[in-house]
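Everything below concerns the one structure shown next.
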Amino acid sequence: MPVSYKQAERLQKLPPYLFVRLEKLAAAKRAEGVKMIDFGIGDPDLPCPGEIVRAMKKAADVNENQKYSSSQGEKDLREAIAEYYKKRFNAKIDPDANVCVTIGSKEAIFNIAQAFVNDGETIIAPAPGYPVYSGAASIFNNAVCEKVALKHENNWLLDVDDCPEHARMMYLNYPNNPTGAVADVDYLKKVMKWAGRNKTILAYDNAYCEMTFDGFRAPSVMQAGKNAIEFMSMSKTFCMTGFRLGFAVGHENLVAGLTKCKGQIDSGAPIFIQKAAIAALQMYNDKGELKDAARKNIEEYGERRKVIVEGLRDLGYECDMPKGTFYVWFNCGRNSGDFTKDMIDKGVIVTPGTGFGSEEGYIRMAATKPIDQIEIALKRMGKKND
Ligand SMILES: Cc1ncc(COP(=O)(O)O)c(C=O)c1O
């Protein structure tokens with residue numbers, strides 16, 4: 001007899017992941033033979049620099065690298081991370097007390113809530129924001145998620161005066177997905193002070209730290225002080241999304257809690273991937289600047305972002321030039337779901353801002369297609385409906 005299995009209540013509470021829904025609409029269009037141009041998901045199309053891939057392959061051949069790592073990660077990678085913080089942010093990090101290697105940053109963003117948030121406690125999630133903060137991190141932990149609106153008039157910077165003072169944890173993310181906004185150290189100091197006063201854990205998502213343009217260099221929250229945990233990712237900087245490697249750096253209690261949690265869940269990232277991450281971190285010069293292919297990739301995303309923004313402005317949309325991330329965020333002037341459906345009809349995939357918890361009207365485009373494709377897409381977008 002066929003059996004059906006009901007999902008746990010907490011899983012049923014999760015909204016369907018945004019991209020799954022979009023993919024269904026696009027698949028129907030593809031089935032009609034339309035070649036879609038996809039600006040939906042933030043997955044870098046450019047290749048991971050060759051030296052990183054070679055280091056990974058070499059490491060995978062070695063027997064010791066085929067075994068379990070530790071939940072905290074390999075010592076040599078943690079030392080390379082501390083060295084990176086020294087060069088890049090002039091921040092002193094103890095590789096044993098302040099660093100935990102993670103399986104991408106998404107895992108750590110979720111697990112930090114598992115480790116520190118009790119039933120019924122409040123998590124602050126910026127809106128719009130990366131869906132995991134209000135999704136799995138809040139729902140699986142029976143937390144109360146309070147979404148706090150990011151506003152255009154504040155340059156999309158979260159205003160701590162809008163935040164509840166009783167929260168256990170606050171997620172914050174600059175350079176920001178989806179708005180492309182950036183924050184400086186003074187802003188981070190202000191938030192850290194607020195968090196300290198309210199005994200709120202500051203969980204700072206810095207996944208796009210190196211993806212910045214026009215001379216802006218993103219800070220680490222560690223430059224504002226040690227009372228926080230920061231999530232870094234290899235995914236965007238080095239086009240390594242599929243490698244699944246990130247790291248968390250911060251207050252020793254927070255790192256210890258995260259590590260303990262991981263010990264029960266995943267037993268650490270594969271060692272040969274960690275060796276690839278060491279090779280990636282060697283792609284910084286002594287001033288903490290990215291070199292060679294890694295730098296070129298970021299520059300390419302910067303160029304594409306310009307072409308998209310200028311093209312959208314030519315089409316009459318209000319659109320800021322983002323200083324960070326490879327996302328362009330603009331106001332389409334109408335219901336974002338309807339706009340997205342129209343664009344899919346024209347062969348272009350964009351993401352409605354409401355999927356990130358935004359107010360109506362906003363659209364995100366990821367600059368993950370080459371310039372010639374962007375130009376074709378912009379032409380399609382400007383075509384009048386039949
Ligand atoms: C804001 C933000 N944080 C974290 C992540 C997760 O990145 P990863 O798990 O690949 O390190 C993403 C991925 O898109 C993101 O946009």
| task | Take region 111-137 and flag every residue that is within 28 Å of residue 81 (Cβ to Cβ), within 15 Å of the ligand (Cβ to nearest atom) and not hydrophobic (A, V, I, L, M, F, W, C). | result | 111, 126, 129, 130, 131, 133, 135
| task | Would you please name the residue that is surrounded by the most Cβ atoms within 10 Å (Cβ to Cβ), looking only at residues in region 8-31 that are more than 25 Å from residue 352 (Cβ to Cβ) and not hydrophobic (A, V, I, L, M, F, W, C)? | result | 10
| said: I'm trying to understand the selection: among the residues of region 231-263, which are among the hydroxyl-bearing types (Ser, Thr, Tyr), open to solvent by less than 10 Å² (accessible area, probe 1.4 Å) and away from the ligand (no atom under 16 Å from the Cβ)? | reply: none
| message | Taking the conditions exactly as written (basic (Lys, Arg), away from the ligand (no atom under 12 Å from the Cβ), assigned by TED's automatic domain parsing to the domain that holds residue 266 and part of a loop (DSSP other than H, G, I, E, B)), does residue 226 satisfy them or not? | response | yes
| task | Show the residue pairs that are 6+ apart or on different chains and have beta-carbon atoms under 8 Å apart, the first residue being within region 120-134 and in contact (Cβ under 8 Å) with a residue 12 or more places away in the chain, the second being within 10 Å of the ligand (Cβ to nearest atom) and basic (Lys, Arg). | result | 132/106
| note | Among 298, 271, 278, the single one that is β-branched (Val, Ile, Thr) and within 16 Å of the ligand (Cβ to nearest atom) is 298
| query | Looking at region 334-386, which of its residues are in a loop (DSSP other than H, G, I, E, B), within 25 Å of residue 151 (Cα to Cα) and more than 19 Å from the chain's Cα centre (by Cα)? | reply | 334, 335, 359, 360, 361
| message | I need the full set of residues from region 153-166 which are outside any loop (DSSP other than H, G, I, E, B) and free of Cβ contacts under 8 Å to residues at least 24 places away in the same chain, in order please. | response | 153, 154, 161, 162
| said: Give me the residue from region 216-225 that is touching a residue at least 60 places away in the same chain (Cβ under 8 Å) and of a type outside the set (Gly, Ala, Ser) and, out of that set, farthest from residue 200 (Cα to Cα). | reply: 216
| message | Just checking, does region 98-110 include any residue being away from the ligand (no atom under 16 Å from the Cβ) and open to solvent by 30 Å² or more (accessible area, probe 1.4 Å)? | response | no
| message | What's the total number of residues in region 253-289 that are more than 24 Å from residue 229 (Cβ to Cβ) and either in a loop (DSSP other than H, G, I, E, B) or among the aliphatic types (A, V, I, L, M) (or both)? | response | 7
| query | If you scan region 208-222, which residues turn out to be within 15 Å of the ligand (Cβ to nearest atom), open to solvent by 10 Å² or more (accessible area, probe 1.4 Å) and more than 11 Å from residue 182 (Cβ to Cβ)? | reply | 210
| So how many residues does region 167-215 have that are part of a strand (DSSP E or B) and of a type in the set (Lys, Arg)? | 0
| Taking region 236-283 only, how many residues are under 16 Å from the mean Cα position of the chain (by Cα) and on the phi < 0 side of the Ramachandran plot? | 12
| Looking at (1) within 22 Å of residue 174 (Cα to Cα); (2) assigned by TED's automatic domain parsing to the domain that holds residue 244; (3) buried (at least 16 other Cβ atoms within 10 Å of the Cβ), which is the one condition that is false for residue 86? | (3)
| Test for residue 52: is it within 16 Å of the ligand (Cβ to nearest atom), open to solvent by less than 40 Å² (accessible area, probe 1.4 Å) and in contact with a strand residue (DSSP E or B) (Cβ under 8 Å, 6 or more places away or on another chain) | no
| query | Which residue pairs have Cβ atoms under 6 Å apart, sit 6 or more places apart or on different chains, and have a first residue in region 87-106 that is over 17 Å from residue 210 (Cβ atoms) and a second that is within 16 Å of the ligand (Cβ to nearest atom) and open to solvent by 50 Å² or more (accessible area, probe 1.4 Å)? | reply | 103/244
| request: Filter region 143-199 for residues that are open to solvent by 70 Å² or more (accessible area, probe 1.4 Å) and within 16 Å of the ligand (Cβ to nearest atom) and give the result. | output: 147
| message | Let me confirm something: among 304, 334, which residue is of a type in the set (D, E, K, R) and in contact (Cβ under 8 Å) with a residue 40 or more places away in the chain? | response | 304
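The values are calculated or read from the model by the stated rules, or taken from the named source; none is laboratory data. Just so it is clear, the structure is predicted and the values come from calculations on it, not from any experiment. Virtual Cβ from ideal backbone geometry, glycine too; neighbours counted across all protein chains shown. Keep in mind that these areas ignore ligands, DNA and RNA; they rest on the heavy atoms of the full protein, side chains included. Shrake-Rupley method; radii C 1.70, N 1.55, O 1.52, S 1.80 Å.
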